[in-house]
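Engineer: Would you mind keeping the following structure in view while I ask a few things?
The values are calculated or read from the model by the stated rules, or taken from the named source; none is laboratory data. All values reported here derive from a predicted model rather than from experimental measurement. Cβ sites come from the backbone with ideal geometry, for glycine too, and all protein chains shown count toward neighbours.
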Amino acid sequence: MLRVLPFLIQIALLVFCLVDCIQTDESEVRHLRKGWWILLIIFFPLVGSIAWLVAGRPQRQRRRDVPWPSTQTAGFPEYERPRRGPGQVPPDDDPDALRQMGQENAEQERLLRKWEEDLRRREQALRDEDDTGQDGPVPQS
């Protein structure tokens, strides 16, 4: 079994590097064109695979700060929320935020009442128009 282990490692490295090279976008590949990297990995499995990992594979950006909202969540977005420092008050306890929300709600209520009044006025105008009989009487069957 110990004699087969280096061969298995080389095959696993070949498969990993070949799949990684094929899936990598052409514009991200470094130093050679993608086709040349694939040929190098296939014809020189050990050297080509190591060369791909060292020189051809795109450098991955290390995540330092996670921007909010993040598109790279681990399934739990609450872990990536920005943290509040000591002295910062959550919005539902902040009097300024509550006052601003109250003003926005009052404005929305005012707009809603205005739209409802406009709708009632239009409906009444349509009813008055029908009552005057401009279209004529409706025949009954």
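Engineer: Just for the stretch 18-37: of the residues that are buried (at least 17 other Cβ atoms within 10 Å of the Cβ) and closer than 9 Å to Gly56 by Cβ, which one is nearest to the chain's Cα centre (by Cα)?
Structural biologist: Within the stretch 18-37, the first condition is being buried (at least 17 other Cβ atoms within 10 Å of the Cβ), and the residues that meet it are 18, 20-21, 24, 29, 37.
Applying the additional criterion that residues be closer than 9 Å to Gly56 by Cβ yields 21, 24, 29, 37.
On the way: Cys21: 26, Thr24: 21, Val29: 25, Trp37: 32 Å.
Selected residue: Thr24.
Engineer: Report, by residue number, each residue of the stretch 40-56 that is assigned to a loop (DSSP other than H, G, I, E, B) and touching a Cys at 6+ places or on another chain (Cβ under 8 Å).
Structural biologist: Within the stretch 40-56, the subset assigned to a loop (DSSP other than H, G, I, E, B) is 44.
Once the filter is applied, which keeps residues that are assigned to a loop (DSSP other than H, G, I, E, B) and touching a Cys at 6+ places or on another chain (Cβ under 8 Å), the stretch 40-56 yields nothing.
Engineer: In this structure, is Leu40 of a type in the set (A, V, I, L, M), under 34 Å from the mean Cα position of the chain (by Cα) and at pLDDT 90 or above?
Structural biologist: Numbers: of a type in the set (A, V, I, L, M): yes; under 34 Å from the mean Cα position of the chain (by Cα): no; at pLDDT 90 or above: yes.
No, not satisfied.
Engineer: How do the pairs read when you match residues in the stretch 11-24 that are on the phi < 0 side of the Ramachandran plot with residues anywhere that are loosely packed, with under 13 Cβ neighbours inside 10 Å and outside any helix (DSSP H, G or I), using Cβ under 7 Å and keeping only pairs 6 or more apart or on different chains?
Structural biologist: Taking only residues 6 or more apart or on different chains, the pairs are Thr24/Pro58.
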